[in-house]
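What follows draws every value from the coordinates through simple rules; no lab data is involved. These figures come from a predicted structure and were not determined experimentally. Cβ placement follows ideal geometry from the backbone for every residue including glycine, while neighbour counts extend to all protein chains displayed.
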Amino acid sequence: MKNIVILISGGGSNMAAIVKAAQREHWADKLGARVAAVISNKASAGGLRFAQEQGIATAVLDHKAYPSREAFDAELAATIDAHQPALVVLAGFMRILTPGFVAHYEGRLVNIHPSLLPAFAGLHTHQRALEAGCWFAGATVHRVTAELDHGPILAQAAVPVLPGDTPDTLAARVLTQEHRIYPEAIARLLA
């Protein structure tokens, strides 16, 4: 069985979309894959409860409890590795990962970003897209490399920027596309 480990920091809507797609599309039977664990750096992450309700193993590692980014990433890797992951999926995991961590999971680490990369890497993507006068915004699934939000692109979806859009209204429309393309990209990687 190909184990998927998903990392979250908050509500986990992308994680939930992946879990639901895995159930609906019978990934265990068709792809030999399953979501084996959900790990968060915040005990308050709402997505943990959803994962537990689905019978998925969960863990919390508070990054503030570690003396350095490297120490946290080492413990995170040990926790992930206990599940023998074929794929490590960042789904709203709000931590910049160390180069050593990224190298450890090279070829097995993916992320989703709420912009049409390479445009608007980093934070505040929707505000920046509106300020730039973009006609389209969107989401990108990409492989994770040591350079933030610059790995090879696996999938993208565009949404129009509408008159009167705010960062929140644009984010909501982009998120619906994230929930569609992230599970699709993961399934393709596992096929």
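So the values come out like this:
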{"item": "Residues ASP29, ASP165, ASP73 arranged by fewest to most Cβ contacts within 10 Å", "result": "ASP29, ASP165, ASP73"}
{"item": "Proximal charge balance of ASN41 [Cβ under 14 Å; K/R count +1, D/E count -1]", "result": "+1"}
{"item": "Footprinting exposure proxy for SER9, SER115 (fewest neighbouring C-beta atoms within 10 Å first)", "result": "SER9, SER115"}
{"item": "Considering only the chain, percent of DSSP beta bridges that pair antiparallel, nearest 5", "result": "35 percent"}
{"item": "Full-stretch length increase - HIS124, THR145 - with 0.36 nm per residue and alpha-carbon distance subtracted", "result": "5.5 nm"}
{"item": "Net charge over other residues, Cβ less than 15 angstrom from the Cβ of ALA172 (K, R count +1; D, E count -1)", "result": "-1"}
{"item": "Residue-averaged 222 nm ellipticity for the chain, from DSSP H runs of 4+ at -39500 (n - 2.57), nearest 500", "result": "-11500 deg cm²/dmol"}
{"item": "The chain, relative contact order [Cα under 8 Å, separation at least 6], %", "result": "21 percent"}
{"item": "Under 20 Å from the Cα of LYS64 - lysines, other chains or at least 8 residues apart", "result": "LYS42"}
{"item": "Relative exposure of MET15, MET1, judged by other C-beta atoms within 10 Å (fewest first)", "result": "MET1, MET15"}
{"item": "Prolate/oblate/rounded call for the chain, Cα gyration tensor, a/c under 1.5 rounded", "result": "prolate"}
{"item": "Net length gained if the chain between GLU53 and HIS26 were fully extended (0.36 nm per residue, minus Cα distance)", "result": "7.9 nm"}
{"item": "Whichever aspartates and glutamates have a C-alpha closer than 17 Å to that of LYS2, once near sequence neighbours (fewer than 8 apart) are set aside", "result": "GLU25, ASP29, ASP81, GLU106, GLU184"}
